[in-house]
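Asker: I am attaching a structure below and will ask some questions about it afterwards.
The values are calculated or read from the model by the stated rules, or taken from the named source; none is laboratory data. Bear in mind that the values here come from a model prediction, so they are computed numbers and not experimental data. Cβ: placed from backbone, ideal geometry, glycine included. Neighbour counts: every protein chain shown. The area values use the complete protein model at the heavy-atom level, side chains included, leaving out ligands, DNA and RNA. Shrake-Rupley method; radii C 1.70, N 1.55, O 1.52, S 1.80 Å.
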Amino acid sequence: MSGGAIRPGAREPAFDAVLCDIDGVIRFFDLSEVSRLERAAGLPEGTTASVGFAPENDLPLLLGRITREEWADSIVRGLLPRVTPYEAEALARAFSTAGFRADEAVVGLLRHVREHCPLVLVSNATRWLDDDLALLGLTGLAHSVVNSSLVGVVKPDRRIYEIAAELAGVAPDRCLFVDDRQENVDAAVALGMTGVLHRDAAGLRTALLPVAGRARAGPPGD
């Protein structure tokens, strides 16, 4: 955890709103087919991800400037000539359309948080994020969603945090920010937010205890 300290059992929570990342916290992708294709092509596992997430390929997608198909084309170009065109296209297709699942423990915690304070999802995401959330049954999980591809700015740019705080109706120094990337947490802390580097649902439960778990945990000293 970074930023302001959170004391489980404290009388008042250290925040009035929760701003939460999506990928790596709520949503996780299944890249098993990509790994299988990489092994078959003689590539080290993770090669396709390193190409797909390279700034020159990833950033235009997350800023809403290119389509999924254009992103896949950039992955094909990045994989050539290490593999054949057929292998590159198969890898790009598998990577850009990979399935995903939600961490139901984290979702349960966030649903409970939503009952107590504003919840805003803040994601470096694609223009089809709303469709993906619908597939996961999470359309109404948060009060608002800040999608980089729609607002035109990505984490860790301070503006995306300011947009999220504005939507929550809460000053930045009264926001708890959760993300699985240290640089994104650091940027939130620089704005005065309480930062939580996400590792698992158990750690998140502890971080959210001041606002979401007080009734369950009982009064201090129990």
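Asker: Please go through the stretch 70-89 and give me each residue that is under 25 Å from Leu133 (Cα atoms) and in contact (Cβ under 8 Å) with a residue 24 or more places away in the chain, ordered by number.
Answerer: The answer is Trp71, Ala72, Ile75.
Asker: Here's another thing I want to ask about it. Go through (1) in contact with a helix residue (DSSP H, G or I) (Cβ under 7 Å, 6 or more places away or on another chain); (2) open to solvent by 60 Å² or more (accessible area, probe 1.4 Å); (3) in contact (Cβ under 8 Å) with a residue 12 or more places away in the chain one by one and return the number of the condition Glu45 breaks.
Answerer: (3)
Conditions tested, residue by residue: (1) at pLDDT 95 or above; (2) closer than 28 Å to Thr126 by Cα; (3) in contact with a Cys (Cβ under 8 Å, 6 or more places away or on another chain); (4) among the acidic types (Asp, Glu).
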position	(1), (2), (3), (4)
Ser2	no, yes, no, no
Arg36	yes, yes, no, no
Gly42	yes, no, no, no
Glu45	yes, yes, no, yes
Val51	yes, yes, no, no
Asn57	yes, yes, no, no
Arg68	yes, yes, no, no
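Asker: Residues that are under 20 Å from the mean Cα position of the chain (by Cα) and hydrophobic (A, V, I, L, M, F, W, C): find the helices (runs of 4 or more DSSP H) completely inside the stretch 27-86 holding 1 or more of those. Give the derivation first.
Answerer: Details: elements: 32-41, 47-52, 55-62, 68-79.
Qualifying helices (runs of 4 or more DSSP H): 47-52, 55-62, 68-79.
Asker: Does Thr126 satisfy the condition of being of a type in the set (Ser, Thr, Tyr) and more than 12 Å from the chain's Cα centre (by Cα)? Talk me through it step by step, then tell me what you get.
Answerer: On the way: of a type in the set (Ser, Thr, Tyr): yes; more than 12 Å from the chain's Cα centre (by Cα): no.
No: the conditions fail for Thr126.
Asker: Keeping to the stretch 150-179, report how many residues are in contact with a Lys or Arg (Cβ under 8 Å, 6 or more places away or on another chain) and acidic (Asp, Glu).
Answerer: 1
Asker: Assess whether Arg27 counts as being open to solvent by less than 20 Å² (accessible area, probe 1.4 Å), on the phi < 0 side of the Ramachandran plot and basic (Lys, Arg). Even if it seems obvious, please write down each step before you answer.
Answerer: Numbers: open to solvent by less than 20 Å² (accessible area, probe 1.4 Å): yes; on the phi < 0 side of the Ramachandran plot: yes; basic (Lys, Arg): yes.
Yes; evaluated as a whole, the condition is true for this residue.
Asker: In the stretch 139-170, which residue that is of a type in the set (Gly, Ala, Ser) and touching a residue at least 40 places away in the same chain (Cβ under 8 Å) is nearest to Ala17 (Cα to Cα)?
Answerer: We begin by selecting, within the stretch 139-170, every residue of a type in the set (Gly, Ala, Ser); these are 140, 142, 144, 148-149, 152, 164-165, 168-169.
Now restrict to residues that are touching a residue at least 40 places away in the same chain (Cβ under 8 Å): 142, 148-149, 152, 164-165, 168-169.
Working: Ala142: 11, Ser148: 20, Ser149: 23, Gly152: 23, Ala164: 10, Ala165: 8, Ala168: 7, Gly169: 8 Å.
Per the stated criteria, the residue is Ala168.
Asker: Hey, another quick one. Just for the stretch 88-122: of the residues that are assigned to a strand (DSSP E or B) and of a type outside the set (Phe, Trp, Tyr), which one is surrounded by the fewest Cβ atoms within 10 Å (Cβ to Cβ)?
Answerer: Restricting attention to the stretch 88-122, the residues satisfying the condition of being assigned to a strand (DSSP E or B) are 100-102, 119-122.
From what's left, of a type outside the set (Phe, Trp, Tyr): 101-102, 119-122.
Working: Arg101: 11, Ala102: 17, Leu119: 21, Val120: 23, Leu121: 25, Val122: 29.
Only one residue fits best here, namely Arg101.
Asker: The conditions are (1) of a type outside the set (Val, Ile, Thr); (2) out of contact with any Leu (no Cβ under 9 Å at 6 or more places or on another chain); (3) at positive phi, and Gly152 fails exactly one of them. Which is it?
Answerer: The number of the failed condition is (2).
Asker: A further question follows. Checking Asp132 against (1) under 24 Å from Arg36 (Cβ atoms); (2) touching a Gly at 6+ places or on another chain (Cβ under 8 Å), which test does it fail?
Answerer: Exception for Asp132: condition (2).
Asker: Of the residues Val189, Val185, Val170, Val154, which is open to solvent by less than 10 Å² (accessible area, probe 1.4 Å) and of a type in the set (A, V, I, L, M, F, W, C)? Quick ask: steps written out before the conclusion?
Answerer: Numbers: Val189 fails: open to solvent by less than 10 Å² (accessible area, probe 1.4 Å); Val170 fails: open to solvent by less than 10 Å² (accessible area, probe 1.4 Å); Val154 fails: open to solvent by less than 10 Å² (accessible area, probe 1.4 Å).
Exactly one of Val189, Val185, Val170, Val154 is open to solvent by less than 10 Å² (accessible area, probe 1.4 Å) and of a type in the set (A, V, I, L, M, F, W, C), namely Val185.
Asker: For Thr139, indicate whether it is under 21 Å from Leu31 (Cα atoms), assigned to a loop (DSSP other than H, G, I, E, B) and among the polar types (S, T, N, Q).
Answerer: no
Asker: Do you know which of the residues in the stretch 142-180 that are outside any helix (DSSP H, G or I) and of a type in the set (S, T, N, Q) is nearest to Gly108 (Cα to Cα)? Step through it out loud before you land on a result.
Answerer: We begin by selecting, within the stretch 142-180, every residue outside any helix (DSSP H, G or I); these are 142-147, 152-157, 169-171, 175-180.
Those still in the list that are of a type in the set (S, T, N, Q) too: 144, 147.
Numbers: Ser144: 17, Asn147: 22 Å.
So, considering only residues that are outside any helix (DSSP H, G or I) and of a type in the set (S, T, N, Q), the one nearest to Gly108 (Cα to Cα) is Ser144.
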